Every structure is written in C-alpha cells, then in structure tokens.
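What follows is a short report on a single structure.
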Amino acid sequence: MPYPFWETDVGYGPLMAVIAVLHVFVSHFAIGGGLYLVVAERAARAGADLQRLAFLERLSKFFVLLSLVFGALSGVMIWFIVGLLSPAGTEALIRTFVWGWAIEWVFFIVEILAAILYYYGWKRLSARRHMAIGWIYFVAAWLSLVVINGIVTFMLTPGAWLETGEFWDGFFNPTYWPSLVMRTGICILLGGVFAVFVAGGHADRPSRLRIVRGAALWGIAGLLISAAGWLYYENVDVLSQKAFVDVAERLVLPTMAVEYMLIAGAILAGGLLVTGVFAPGLQRRPVGFVLLIAALMGFGAFEFYRESVRKPFVIHGYMYANGLRVDRVEAGAEESLLESIAYRTGDDGRDLFNYSCRSCHELEGYRAIKPFFDGTDKDYITGALAGLHAMRAPMPPFAGNAEERAKLGAWVAERVDTRPLHEIHRLEGLALGRRVFEMRCGSCHVRGGHGDVTETFEDFEAEDIDEVLSDVEMSEEMPVFSGDDKERKALIDYILSWQAEAAR
Ligand code: HEC
Ligand code: HEC
C-alpha cells in the first residue's frame, strides 16, 4: 500500500454516500434540465408565449446556480474524498481511463461556459444564437455522461478488461449501454420534476397550469425511459452471475435498494400524473418538493444498489474495497501485509485494522466491528479472520500472514468485551446456546441460509458435536471452539435441540 491511511471520525460509507448521491442528483438534473430548457424555449418562441419564456429565464437562473455552483463544487469534493478514501482504487481508475477523464473535463468546461452564456444571453443574444448555445450546453453535458458512464459501469462490470487491460474493453463493458439508457431517462425525469417544482410558484395561473402539465408529461417520458433502462440493466447476463446473485442474497441492502427505487418510481408516476397532468392546479411548491424528494430517493436507491451489489470489490474481480488487489490477496497468505504498507504508524494492530477492515467498518460506530466480537475471545477472533470470506457478509479474505492475523486478532480482542456471553447477558440453557451459536458460528453458518449446517448435525450425538467443536482439521477457515465449558455445553444442547425441532 503506497498511500497513507486517512483516519476520520466519520464512517466512510455515509460520507461518500451523502456527497455522491447529491452530486449525481444535481449533475443528472444539469443534463436533463438543459434539454428541457432548449426544447421548451423553442416551443415557447414558436408560440410567442411570453409567460413561458419568462418562466424559462427564471428556471435557467436556478439551473445555473444549482448545477454549476453545487454541481462543480460537489464534483471536486468527490475527487478529494475518493482520493482519500480509496487512493488505490482512484489510482487504478486514473491509470486505466486517464484520457477518458481528460475528455470529460473538456466537455465539462464547454458545459459551464455554455451555461453561463445561456443565462447571460436571454436578453442580449438573438433567439437563434441563444438556442444554439442551449444545444451546445446540452450536448456537452450529455457527452460528459457518456464518458463518465463508461468509468462508473466499469467498476461494477469490468468485463473483458480483466483479461485484456484494454481501454475500450473496460469502457464499453457489459452494463455500459443499459446504464446509459437508464441514466439518460433519469436526466430527463429530473429535468421535468425540477421544472414542475419551479413552475409551481409561477404567478399567472393559466400559464402555470400549462407549464406544469407540459413539464409533468416530460418527466413521465423520462420515467418511462429510465424504467426501460432498468429492465435492460437488470437483465444483463453478467448481473446474473453467481457473484452478484450471491451478494444480493447475503446482504439485505441490494434487494432493499431495489424496493425503494420501485416505490419512489411509483410515487413519481402517480404524483406526476395526478398533480401534473390531470389536476395541475394541485401542483404548488410543497407538492413539487415531495416529488423532488421521491426522485432523490429513487435515484439514490439505484446508486446504493449498484454500490452494494459490487461488494466486496471496488473494481469487481480486480480490487477489493479496502484497496488490496485480488491477485495480491490470492498470492498472499505467506506475504506480509505490514511490509507492503508504506506509511506505518508504529501500532501494527491499528495499521492492520485500517488497511484491512476500516474502509468498511469502524470499531464502534459505522458498521461497527465490536458487536460482532463482544463475548468472544482472542482465539476466536484470530480464527475467524482466516474465514472472513466464508462469512455471510461478502468480505475480502484477510490479506496478511498467520502472524499478522494473530496480531490483529489480539488488537481487536483488547478493544471488545471478552467476558463470556453468560456473564455479559446473564443467559442460561438454550437461550445461552442460541446466543453462542449466533456469535461463534452464525457469521459463517446461518440456519436455513448461507453455509447452513443444520443437516450435518441431523443425527449427531452430544459427543460427536463435542468432537466437531475441537476438531482442528474441520476447515482452515473455521475457528476451533474456544468458549468456556458452560458455553460449550449450552451450544451442544442448542444444536441437539434442532433435532427435536425437526421431528416436530
Ligand atoms: C468490503 C467491505 C468490507 C471489508 C473490507 C470488511 N468487511 Fe466485515 N463486513 C462487511 C459487511 C457489508 C458486513 C455485513 C454487515 C451487516 O450485515 O450489518 C460485514 C460483517 C462483518 C462481520 C459479521 C459477519 C456476519 O455476517 O455476521 C464481521 C465479524 C466482520 N465483518 C469482520 C471484519 C473484519 C475483522 C475485517 C477486516 C479484517 C472486515 N470485516 C473487513 C464488509 C466488509
Ligand atoms: C469464520 C467462519 C466459520 C465459523 C465462525 C464457523 N465455521 Fe464451520 N465451517 C466454516 C467453513 C469455511 C467450513 C467448510 C465449509 C465447506 O467446506 O463447505 C465449515 C464447516 C463446518 C462443518 C462441516 C461442513 C458442513 O457443511 O456440514 C460444520 C459441522 C461446522 N462448520 C460447524 C460449525 C460450528 C458448530 C461453528 C461454531 C462453533 C462453526 N462451524 C463456526 C467456517 C466457519
């Protein structure tokens, strides 16, 4: 690891999520809003609709402020944050796509200049020039999506790039086209929803109703395109690969995100139809605001889906979310992880934790590690580190050697509650047994789910179970039972109780 580790008091996931979701929301709006402005301007000029032109001028002010000021600032912020959060991932993206980024920035500069000229030119430029600049704005903005879409989809489905390392293989990867269709639809949708929101405050009632209705239809068209894009996206072959299906089964987040996205889509469809098309009189600012929130929620949910289904990778199949390359980890249990860290703090346990776990977990706080280990002990933790990748949650394997595993195990054990579970929770009998199972087995063996062992124990006697618990040769990825006698007995009784349960 050639980069220092950036330690903050915030969970990295939420930090990135908030800024990135707001940024993509605004930047997609910047594209769709641009298209809405020029198309609506053309129609308004053709019909000599002065009310509508006045509205568009007002919308374009809001538009320039929001998309240029917030969009540009949050975009720069994202660069800072990804660079600090995932320097190795950022480096890999820059190495692969340096010309892609360069082109993206050219489009971005054109986009900004055109947006400023467009706003400035309402009264100062001829109608033709003004509209030409509007088109230049929209095309440049959309082309920046065309470029960035290649890089974002690459992280999820790098496709043939994994073998060839070729720019174009990575760029036009298996989710490129569906994602472009979906995102273009989202841009159009957002342009419509923002226009509905701003139009809700327009003073002149007849023209307000007209503008709201037009913008709502526009938004619905965008929603339909993005829905078609999603169906296309969801059915891309690659996403039915085991790795992705597995994650969706093991983590609740991807499935939940898709549900939220569909709910938001339904709210938007209903809201735009009722308060936009059928009864545009209902469309006042608060209603428009609700629709904006629904759009933010739906779009955010899609981004969460994409991010979570990619776990545990930052670039699927190539680099894990903690910045370690897959080939390095595969090569690696013999190699020292510590020696590969360029900036060491002197506290090896902390370095190992930061570089292996911290990109996804805090000790306490965001996706805390502590509750997973409270009530266990150093030997359990060290043993479990060997089987991280066998756990229910999709995680990278621990990339250090055996000595480092023991170091990290001891470091974590010093920071969690290592009293036995019966002491911490005052549990007895089956309740204790169930808890012991959850803490010491449940991360890798879920009853009725991931790594289920219920059937294995079907005809086991107490002594057989006892033997399994002490068997050092069960699996290198499985810790030998290290709880005290009381916990051992409770666990055995609990496992035996499954047989009675099955007989019933
Ligand atoms: C790629 C991100 C990622 C990395 C890196 C990572 N984890 Fe996890 N881990 C997760 C996720 C996601 C969960 C599921 C959390 C949940 O369900 O609430 C999880 C859950 C766990 C659990 C509970 C397992 C279960 O399913 O009950 C343990 C224990 C754990 N992590 C330990 C670690 C340790 C120790 C490290 C570092 C050596 C680490 N993790 C590195 C993402 C990661
Ligand atoms: C850190 C992960 C991990 C933990 C914790 C863990 N195991 Fe395992 N266990 C494994 C792995 C990996 C295998 C090998 C699975 C395979 O080969 O299919 C395994 C295999 C088994 C098997 C035999 C294989 C089978 O599918 O029937 C049994 C029985 C078993 N474990 C029971 C337990 C019990 C009981 C506990 C708690 C005391 C436990 N394990 C804790 C990872 C773990």
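A compact table of results
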quantity: Built amide H within the under 5 Å cut-off of PHE313, gap 5+; calculated: ALA321
quantity: Inverse mean reciprocal Cα-Cα distance (Kirkwood Rh) of region 106-156, Å; calculated: 11.7 Å
quantity: Charge-dipole axis of the chain as Lys and Arg at +1 and Asp and Glu at -1 on Cβ define it, positive-most pick from PRO2, TRP161, MET182; calculated: MET182
quantity: Gained length - GLU423 relative to ILE263, 0.36 nm times residue gap less alpha-carbon distance; calculated: 53.1 nm
quantity: Separation of the GLU7 and LEU282 label points, Cα + 7 Å toward Cβ, nm; calculated: 5.4 nm
quantity: Point-charge dipole on Cβ atoms (K/R +1, D/E -1) for region 193-352, about Cα centre, debye to 20; calculated: 1340 debye
quantity: Anisotropy class of region 306-362 from Cα gyration tensor, a/c 1.5 cut; calculated: oblate
quantity: Long-range HN-HN contacts of ARG392 with modeled amide H, under 5 Å; calculated: CYS444
quantity: Distant-in-sequence amide H partners of GLY121 (H built 1.01 Å from N, under 5 Å); calculated: none
quantity: J(HN,Hα) series, region 423-433, from Karplus relation 6.51 cos²θ - 1.76 cosθ + 1.60, nearest Hz, glycine and proline x; calculated: 6, 5, 9, 6, 9, 9, x, 5, 4, 5, x
quantity: Selection from MET474, CYS441, LEU421, by position along the positive dipole direction of region 421-503 (Cβ); calculated: LEU421
quantity: Residue order for LYS489, LYS378, LYS407 - accessible surface, 1.4 angstrom probe, largest first; calculated: LYS489, LYS378, LYS407
quantity: Candidate lysines for bridging to LYS378, where Cα separation is under 24 Å - those fewer than 8 sequence places away on the same chain excluded; calculated: LYS370, LYS407, LYS486, LYS489
quantity: Theoretical gain in end-to-end length, VAL18 to ALA502 [0.36 nm per residue, Cα-Cα removed]; calculated: 169.6 nm
quantity: Test item: Cα-centred dipole of the chain, Lys/Arg +1 and Asp/Glu -1 on Cβ, debye; calculated: 4620 debye
quantity: Förster radius 35 Å - calculated FRET efficiency between ALA431 and GLU249 (Cβ-Cβ, nearest 0.05); calculated: 0.80
quantity: Whole-percent carbon and sulfur share, accessible surface of the chain, 1.4 Å; calculated: 63 percent
quantity: Computed FRET value (nearest 0.05) for HIS389 with TYR120, which takes r as the C-beta separation and R₀ as 56 Å; calculated: 0.50
quantity: Region 72-189, accessible area per residue, ligands and nucleic acids excluded (1.4 Å, Å²); calculated: 47 Å²
quantity: Rounded to 10°, Cα long-axis angle of helix 252-272 versus longest principal axis of the chain; calculated: 20 degrees
quantity: Rounded to whole Hz, the Karplus (6.51, -1.76, 1.60) HN-Hα couplings of region 377-390, x for glycine and proline; calculated: 9, 4, 5, 4, 4, 4, x, 5, 4, 6, x, 3, 6, 8
quantity: Spin-label pair GLU163/TRP135, simplified geometry with 7 Å Cα→Cβ offset, distance in nm; calculated: 4.3 nm
quantity: Three-way shape label, region 421-503, alpha-carbon gyration tensor, a/c 1.5; calculated: rounded
quantity: Point-to-point label distance, TRP101-VAL146, nm (Cα→Cβ direction, 7 Å offset); calculated: 2.2 nm
quantity: Nearest 10 degrees, 0 to 90: helix 485-503 Cα axis against the chain principal axis; calculated: 70 degrees
quantity: Using alpha-carbon coordinates, inclination of helix 71-85 to the longest axis of the chain, degrees; calculated: 20 degrees
quantity: Mean-position separation - Cα centroids, region 244-301 and region 40-72, in angstrom; calculated: 25 Å
quantity: Å² per residue, accessible surface of region 326-415 at 1.4 Å; calculated: 43 Å²
quantity: Extreme residue, positive dipole direction of the chain, given options GLY201, PHE398, ALA502 (C-beta unit charges); calculated: GLY201
quantity: Theoretical gain in end-to-end length, ALA342 to GLU438 [0.36 nm per residue, Cα-Cα removed]; calculated: 30.8 nm
quantity: Prolate/oblate/rounded call for the chain, Cα gyration tensor, a/c under 1.5 rounded; calculated: prolate
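The values are calculated or read from the model by the stated rules, or taken from the named source; none is laboratory data. None of the values given here were measured: they were computed from a predicted structure. Here Cβ is always computed from backbone atoms with ideal geometry, including for glycine, and neighbour counts include all displayed protein chains. With ligands, DNA and RNA removed, areas are computed over all heavy atoms of the protein, side chains included. Shrake-Rupley method; radii C 1.70, N 1.55, O 1.52, S 1.80 Å.
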